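J.: Before I ask anything, let me first share the structure, which is written out below as structure tokens.
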Amino acid sequence: MTDDASSLKPAAQRVEAAARALGLDVRVRAMGRSTRTAEEAAAACGCAVGQIVKSLVFRGKESGRPYLLLVSGGNRVNEKAVARIVGEPLQRPDAQYVRDVTGFAIGGIPPVGHDTRLATYMDRDLLGYVTVWAAAGTPECVFPVAPADLRDKAGADVIDIG
Ligand code: 5CA
């Protein structure tokens, strides 16, 4: 694990700076191994899979607008249930759309610090943990955060995701 911020890749530095600008006291960790999936991230962090924040981008079928779902690592999104909440059906966008709206590549999508403003929803299950771990812009970088702080600073609505 590398702690020196100056040795972080630019994408991870961007996430750390954006999180701090929002008032989140985060320190990004370069894990030196893959954190590309929730399972890999949990193994690297030594935490439960449920403590990993999956930052999943969906696309509104009618509006074309992006939605960011912050999902507990062990959970699957019930797209029909979430569609009722956001008011339109959802599509799984391709990797290029995800990059265009977030500024980051899949596997490292962070919960904050995106290139565009994303309507954001958080899985209620994340609030059951003292600390959760989220991606920090690259598939090897993560940061720990208190879920209520992440909810507040990401401006997320808490929903039942499953
Ligand atoms: N770094 C880890 C844990 S923080 C992470 O980013 N996990 S994740 O679950 O948020 O990101 C991977 C997710 O990206 C997958 O669950 C899947 O929903 C999505 N994904 C993977 N490949 C594609 C693709 N080709 N197009 C669109 N979405 C994809």
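Coordinate-derived values only; no laboratory data. It should be emphasised that the depicted structure is a prediction, and the values quoted were computed from it without experimental measurement. A quick note on method: Cβ atoms are made from the backbone with ideal geometry, for glycine too, and the neighbour counts reach across all protein chains shown.
J.: Considering only residues that are of a type in the set (Ser, Thr, Tyr) and within 14 Å of Asp125 (Cα to Cα), which ones fall in region 56-81?
T.: Correct list: Ser72 only.
J.: To continue, here is another question. Taking the condition of a type in the set (Gly, Ala, Ser), under 19 Å from Leu150 (Cβ atoms), in a loop (DSSP other than H, G, I, E, B) and within 15 Å of the ligand (Cβ to nearest atom), does Gly32 pass?
T.: no
J.: Could you grab me the full set of residues in region 65-91 that are more than 8 Å from the ligand (Cβ to nearest atom) and of a type in the set (A, V, I, L, M)?
T.: Across region 65-91, the qualifying residues are Leu68, Leu69, Leu70, Val77, Ala81, Val82, Ala83, Ile85, Val86, Leu90.
J.: Can you name the residue in region 92-104 that is near the ligand (Cβ under 10 Å from one of its atoms) and touching a residue at least 24 places away in the same chain (Cβ under 8 Å) and, of all such residues, is nearest to Thr35 (Cα to Cα)?
T.: Phe104
J.: Let me ask something else about it. Go through the residues of region 67-87 one by one and say whether even a single one is in contact with a Leu (Cβ under 7 Å, 6 or more places away or on another chain), among the charged types (D, E, K, R) and crowded, with 20+ Cβ neighbours inside 10 Å.
T.: Scanning region 67-87, I find no residue that is in contact with a Leu (Cβ under 7 Å, 6 or more places away or on another chain), among the charged types (D, E, K, R) and crowded, with 20+ Cβ neighbours inside 10 Å, so the answer is no.
J.: So, in region 38-69, how many residues would count as being touching a residue at least 24 places away in the same chain (Cβ under 8 Å) and in contact with a Ser or Thr (Cβ under 6 Å, 6 or more places away or on another chain)?
T.: Number of matching residues: 4.
J.: From the set of residues in region 107-162 that are charged (D, E, K, R) and in a helix (DSSP H, G or I), which is farthest from the ligand (Cβ to nearest atom)?
T.: So the residue we want is Asp152.
J.: Is it the case that region 46-64 has a residue that's more than 13 Å from the ligand (Cβ to nearest atom) and either among the charged types (D, E, K, R) or surrounded by 19 or more Cβ atoms within 10 Å (Cβ to Cβ) (or both)?
T.: Yes - at least one qualifying residue is present in region 46-64.
J.: Also: Applying the selection to region 18-38, what residues are buried (at least 20 other Cβ atoms within 10 Å of the Cβ), among the small types (Gly, Ala, Ser) and over 14 Å from the mean Cα position of the chain (by Cα)?
T.: Matches in region 18-38: Ala30 only.
J.: Being of a type in the set (A, V, I, L, M, F, W, C) and free of Cβ contacts under 8 Å to residues at least 60 places away in the same chain is the filter here; which residues of region 106-126 pass it?
T.: Of everything in region 106-126, those that are of a type in the set (A, V, I, L, M, F, W, C) and free of Cβ contacts under 8 Å to residues at least 60 places away in the same chain turn out to be Ile106, Ile109, Ala119, Met122.
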